[in-house]
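Enquirer: Just passing along the structure, written as structure tokens.
The values are calculated or read from the model by the stated rules, or taken from the named source; none is laboratory data. Predicted model only: the values in this text are computed from it and were never measured. Glycine gets a Cβ as well: all are built from the backbone with ideal geometry, and neighbour counts include every protein chain shown. For the accessible areas, the whole protein counts, side chains as well, though only heavy atoms, and no ligand, DNA or RNA atoms are used. Shrake-Rupley method; radii C 1.70, N 1.55, O 1.52, S 1.80 Å.
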Amino acid sequence: MRSLNLLTCVFSLLGATLAFADRPNILFIMSDDHAVRAVSAYSGGIMLTPGIDRLAREGLRFDRAYVGNAICGPSRATMLTGLHSHANGFYSNEWSGSFDGFQQTLPRLLQDAGYNTAVIGKWHLYSDPVGFNHWDVIHNIFEQGSYYNPEFRGPAGVELTEGYVAELITDKALAWLHAAANDPAPFFLIYNHKTPHRDWLPGPHELRSWEESTHIEEPDTLLRDFNGENAMRRDARMSIAEYMTNGDVKKSMPGNLTSEQAVLWESAFAEGNRRYESADLSHDADVRWKYQRYIKTYIASVQSMDREIGRLLDYLDTSGLSDNTLVVYTSDQGFFLGENGWFDKRWMDEVSSRIPLLVRWPQRIPAGSHTDAMVQNIDFAPTLLDAAGVQPHRPMHGVSLLPLFDNPNTNWDRDLYYHFYENPGFHGVPRHYGVHTGRYKLVHYYRYGEWELFDLEADPAEQYNRYGDERYESITRDLKNRLLTLRNKYQVPDRDPETPWYHGPLIRTLEQLMKLL
Ligand code: CA
């Protein structure tokens, strides 16, 4: 009897090992505010990202990937749950409280299925991660951490580190991967970067090689004037001209640098700052100067991160893990890189709601493929669960993208729903929801009673609102029906979450104070 038990035990262990062997490891890489235009695997780029581009060359590039709410925390909550904001309860960075990690999530389901799970780097959900065997996330009051010498938070408490955040996160991820490689269980690692979030501080290598004289091409709309246009765009506090702080444009140095780091920072920016102070620039020239500082530090930050992502992918290669590891690269949303004279995100505009999405899985995906299918961050959890052979207990809003892995030209007719709630909030972007069909986008700014309709084929930069144009009457009717269908499908409540009365005035005061720093 005893030997039978032993045999049963051996066979069940063997079965588990075989089942694990069939399941891929999963490495999910998410950066923060990385616009499609700043990934060279996508055409029209402004820079080179050789580390990230490897995933496109060796895997599948999604050309029409979007988020359902273009703001940091809510995007991450959607990634974890496969649900839009109203169903996972995390609407806003500013007033949603903390994310409820005890609901059905991707990490909990994978952990229950035997995966060795970890999250390292950016978390930004104001709660301790749930469903992870290991977690080590960057930390401060706004959950942002800092670029240099950040604090990390784990089950044992808060740890102050020294160094550059992208390098530290990668060191930690490599250490964990090294240990995970000896575990028979497949791994699921979320490796999330802070970079290139505001205030775009590059790593030491980029500071050492900083060239003040490099000139990056300006977007056509850098000096766009919203006077005379609709109120919600005019009222938004997004402009480089008015809302970029001294810290943002490197006129002031962060207070927490070591003396060695401060010397590097000075060597990059001090001389340019002296010339700026003595130049007495006109309004437009000032915007152009700020834009150059902004875009060049943004690019340099991405380069600092890209090198680290390359280092992690190298490790997968040299340790023999690449073949059976599904790797995802994406961002929590896009970003305005000077378009409309703006920075930041939040809008349903292509620039801010579209994301890079690259997936490599040599056992399943032909190298160098790409797809036009409309996909969204609600699909991440269903896709990774499908790849792992795990069924969720309750339905998710997203769908598995595995059919596109096998055939990028799979027939894929789909409308996407978008809903932004964070108003009142930083940058004054109004609440809005909308439908995206691929060619058309209809957006309802419901507290202004305003609509926007864009025809992306005729107007890819979304500069001409066609709402009310009689040539688009029947299209508008059709889009309104599609929008209603989506709101019913996802059971979006008619009533929005409310914010405390003082939140709006508090945020506007903070924005004014930030200008003085
Ligand atoms: Ca973000």
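Enquirer: Which of the residues spanning the stretch 430-449 are in contact (Cβ under 8 Å) with a residue 40 or more places away in the chain and more than 19 Å from V492 (Cβ to Cβ)?
Expert: G438
Enquirer: Can you tell me which of S92, S43, S98, S75 is closer than 25 Å to T437 by Cβ and in contact (Cβ under 8 Å) with a residue 24 or more places away in the chain?
Expert: From the options S92, S43, S98, S75, the qualifying one is S75.
Enquirer: I've got another one for you. Of all residues in the stretch 432-442, which are open to solvent by 10 Å² or more (accessible area, probe 1.4 Å), over 16 Å from D63 (Cβ atoms) and touching an Asp or Glu at 6+ places or on another chain (Cβ under 9 Å)?
Expert: Y440
Enquirer: Here is a list of conditions, (1) closer than 21 Å to E339 by Cβ; (2) open to solvent by less than 10 Å² (accessible area, probe 1.4 Å), and P107 meets all of them except one; can you say which number that is?
Expert: Status for P107: all satisfied but (1).
Enquirer: Could I ask something else about it? Can you pull out every residue in the stretch 1-44 that is in contact with a Pro (Cβ under 8 Å, 6 or more places away or on another chain), modelled with pLDDT of 85 or more and open to solvent by 30 Å² or more (accessible area, probe 1.4 Å)?
Expert: Selection gives R23, S40.
Enquirer: Considering (1) within 30 Å of W451 (Cα to Cα); (2) within 16 Å of the ligand (Cβ to nearest atom), say which one Y329 fails and leave the rest.
Expert: It fails just one condition, (1).
Enquirer: Could I ask something else about it? Does R311 satisfy the condition of being open to solvent by 10 Å² or more (accessible area, probe 1.4 Å), within 16 Å of the ligand (Cβ to nearest atom) and over 23 Å from A387 (Cβ atoms)?
Expert: no
Enquirer: Consider the stretch 479-509. How many of its residues are surrounded by 13 or more Cβ atoms within 10 Å (Cβ to Cβ), farther than 25 Å from M396 by Cα and over 27 Å from the mean Cα position of the chain (by Cα)?
Expert: Selection size over the stretch 479-509: 0.
Enquirer: Out of all the residues in the stretch 173-196, which are open to solvent by 10 Å² or more (accessible area, probe 1.4 Å) and either among the aromatic types (F, W, Y) or under 17 Å from M47 (Cα atoms) (or both)?
Expert: Once the filter is applied, which keeps residues that are open to solvent by 10 Å² or more (accessible area, probe 1.4 Å) and either among the aromatic types (F, W, Y) or under 17 Å from M47 (Cα atoms) (or both), the stretch 173-196 yields only W176.
Enquirer: Quick one: I365 ticks every box in (1) within 28 Å of E422 (Cα to Cα); (2) touching a Gly at 6+ places or on another chain (Cβ under 7 Å); (3) aliphatic (A, V, I, L, M) except a single one, so which number is it?
Expert: All conditions pass for I365, except number (1).
Enquirer: Continuing with the same structure: Residues A70, A56: which one is touching a residue at least 12 places away in the same chain (Cβ under 8 Å), outside any helix (DSSP H, G or I) and in contact with a strand residue (DSSP E or B) (Cβ under 9 Å, 6 or more places away or on another chain)?
Expert: On the way: A56 fails: outside any helix (DSSP H, G or I).
After ruling out the rest, the residue left standing is A70.
This table checks each residue for (1) over 30 Å from H432 (Cα atoms); (2) within 16 Å of the ligand (Cβ to nearest atom).
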{"position": "H84", "(1), (2)": "no, no"}
{"position": "N88", "(1), (2)": "no, no"}
{"position": "L125", "(1), (2)": "no, yes"}
{"position": "H134", "(1), (2)": "yes, no"}
{"position": "F142", "(1), (2)": "no, yes"}
{"position": "E151", "(1), (2)": "yes, no"}
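Enquirer: Here's another thing I want to ask about it. Within the stretch 113-121, does at least one residue satisfy the condition of being over 19 Å from the mean Cα position of the chain (by Cα) and farther than 28 Å from F99 by Cα?
Expert: No, the stretch 113-121 contains no residue that is over 19 Å from the mean Cα position of the chain (by Cα) and farther than 28 Å from F99 by Cα.
Enquirer: While we're here: Determine the pairs where a residue that is closer than 22 Å to D415 by Cβ, located within the stretch 483-503, has a partner that is surrounded by 13 or more Cβ atoms within 10 Å (Cβ to Cβ) and among the hydrophobic types (A, V, I, L, M, F, W, C) with Cβ atoms under 7 Å apart, the partner being 6 or more residues away or on another chain.
Expert: L483/V435; L483/L442; L486/V435
Enquirer: Which of the residues spanning the stretch 199-219 are in contact (Cβ under 8 Å) with a residue 40 or more places away in the chain and surrounded by fewer than 18 Cβ atoms within 10 Å (Cβ to Cβ)? Explain how you work it out, then say what you get.
Expert: Kept after step one, since they are in contact (Cβ under 8 Å) with a residue 40 or more places away in the chain, are these residues of the stretch 199-219: 199-208, 210, 212, 214-219.
Result: P204, H205, R208, E212, T214, H215, I216, E217, E218.
Enquirer: Right, here's the next one. If you take just the helices (runs of 4 or more DSSP H) that sit entirely in the stretch 228-279, which of them hold at least 2 residues that are open to solvent by 20 Å² or more (accessible area, probe 1.4 Å) and on the phi > 0 side of the Ramachandran plot?
Expert: Per the criteria, no element qualifies.
Enquirer: Limited to the stretch 356-376, what total is found for residues that are within 30 Å of N465 (Cβ to Cβ) and in contact with an Asp or Glu (Cβ under 8 Å, 6 or more places away or on another chain)?
Expert: Looking only at the stretch 356-376, we keep the residues that are within 30 Å of N465 (Cβ to Cβ), and these are 356-357, 371-376.
So of that shortlist, the ones also in contact with an Asp or Glu (Cβ under 8 Å, 6 or more places away or on another chain) come out as 371-372, 374.
Total meeting the criteria: 3.
Enquirer: Also, I was wondering about something else. Please go through the stretch 437-487 and give me each residue that is closer than 20 Å to R233 by Cβ and small (G, A, S), ordered by number.
Expert: G449, A458, A461, G468 - these are the residues of the stretch 437-487 that are closer than 20 Å to R233 by Cβ and small (G, A, S).
Enquirer: State yes or no: is V302 within 16 Å of the ligand (Cβ to nearest atom), open to solvent by 10 Å² or more (accessible area, probe 1.4 Å) and modelled with pLDDT of 95 or more? Break it down stepwise before answering.
Expert: Working: within 16 Å of the ligand (Cβ to nearest atom): yes; open to solvent by 10 Å² or more (accessible area, probe 1.4 Å): no; modelled with pLDDT of 95 or more: yes.
In short, no.
Enquirer: If I go through the stretch 149-171 residue by residue, how many of them are more than 12 Å from H193 (Cβ to Cβ) and open to solvent by 10 Å² or more (accessible area, probe 1.4 Å)?
Expert: The total comes to 14.
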